[in-house]
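Written below as structure tokens is the structure these notes are about.
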Amino acid sequence: MKRAPRTDEDDGGGLDSLLDTMTNVVGILVMVLIATQLGVKDAVSRISESEVVDASALEAARQELLLTKSQRDAIESQLNDLQPADHQEIEVKLADLRRQVQERRTELDREQVVANQFALKIESDTKKAEQARKQIQEIADAKAKRESLQAELTKAIDQEASLKALLDETPEQEVPPAKVVTLPDPRPAPEGARQVTFLCTNNRVYPVAADDWRDGIRQKAEFLVKAKRLDRGPAVGVDKEQFIKEFKKANRRLSDEFFEVELYDAGIYPRLKFTPKPNSGATQDEVLKPRSRFQRLLARLDKTKYYARFIVLPDSFEVYLAARAVADEAGLLSGWDPQGSGWEYTTYLGGPILFGPKPKPDPNAKPAPPSKPANVID
């Protein structure tokens, strides 16, 4: 442990304690000497008063006397050694001790300053070493990233060279003729004209005979409701579950050349869904081929009484352009209705069949203004 530095007052107190201790030791030695002398004298007196002198006792007393004399000489020697020096010599020694203490204290202070400087330097060097380690790690990471980027760049250059070589080996192809696209002019169909619907999906064109299907299925449905007595009155409507079950039993398959047709319920209303058959419909080659089914169908239409509506899904835009060009060349007014992927063609069945009570009209509803004719051709 590090000792606390002593002050000048502490040095004087230590010397006083030393003098007190020496005085106490001298007093004790004097008392021991006196006691020894008294003991020897008493022994001699006892021997002299005895009538018979024992030679062994006399020898023992002589030995004890010699021992006592030796002890006395030793004590006197110690007393001589313990005699204090004069006052001036003590002051000189004390001053010398104080000087040594002051020099030692100064040396300790200097060593403490040096130790503090070394501690600060060690702390600074530790921080610098930590920063250096971080910089070395950052340099290593940057080097690894640079090598990775260099590898990617080399790979990209190799791919570019490969593509250039492939491009040089590829023969030049003729540029296809530009497609002429006219800007649409949305407008209503001529008054009294009927719509002919074409569904463009699966990269094919399907003619939709929805009106014919609607009329035939509605007649079958109304006949089934009457025959099976499925109408529960205006407050309940037709028994939906029983009607669907009986209708599917009586009409296991509804289909034509282009579609599978399904009757289903949408709330209280029956609806029809048309699912195109994958391998039917007119392909682009068939659409453009003279006297194909598609072109013969367009030729039979009265251009003054009908107009075409093309419903186009994203996978069939090319075949729509081909069909639209043929329709325009035939003089048939046309329009198109783009739809998203997964869109299905459905329509209401119509007629009196409802699977629930008929909604009551809102007495507070204002009569709707007459709607403008929809823009169905362009």
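Read-outs: derived from the displayed coordinates by stated rules, not from any lab. Being a predicted model, the structure only gives us computed values, none of them experimental. Quick reminder, even Gly has a Cβ in these numbers, built from the backbone with ideal geometry, and neighbours come from all protein chains shown.
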Using a 7 Å offset from the Cα along the Cα-to-Cβ direction at both LEU167 and ILE28, what is the distance between the two label points in nm, to one decimal? 11.4 nm
Taking every DSSP bridge whose two residues both lie in the stretch 187-358, the antiparallel percent to the nearest 5 is 65 percent
Under the 0.36 nm per residue contour assumption, what length would be gained going from the current alpha-carbon distance of ASP211 and ALA74 to full extension? 34.3 nm
If the reach is capped at under 21 angstrom between alpha carbons, list the lysines near LYS155, excluding any in the same chain fewer than eight residues apart. LYS143, LYS145, LYS164
Report the extension gain between LYS372 and ASP256 in nm, rounded to one decimal, defined as 0.36 nm multiplied by the number of residues separating them, less their alpha carbon distance. 38.3 nm
Unsatisfied cross-links (Cα-Cα over 31 Å) in the set LYS305/LYS372; LYS226/LYS372; LYS220/LYS360: LYS226/LYS372
Would you please give the FRET efficiency between ILE268 and ALA227, computed as 1/(1 + (r/R0)^6) with r the Cβ-Cβ distance and R0 = 25 Å, to the nearest 0.05? 0.70
Mind putting a number on the dipole of the stretch 279-369 about its Cα centre? Charges go on the C-beta only, +1 for Lys and Arg and -1 for Asp and Glu, and I need it in Debye to the nearest 20. 500 debye
What size of dipole, in debye to the nearest 20, comes out for the stretch 187-358 about its Cα centre when the only charges are +1 on Lys and Arg C-beta atoms and -1 on Asp and Glu C-beta atoms? 600 debye
Report the gain in length on full extension from TRP343 to GLN135: 0.36 nm times residue separation, minus Cα-Cα distance, nm rounded to one decimal. 68.8 nm
Taking neighbour counts of Cβ atoms within 10 Å as a proxy for exposure, in what order, fewest first, do LEU163, LEU97 appear? LEU163, LEU97
If the reach is capped at under 20 angstrom between alpha carbons, list the lysines near LYS303, excluding any in the same chain fewer than eight residues apart. none
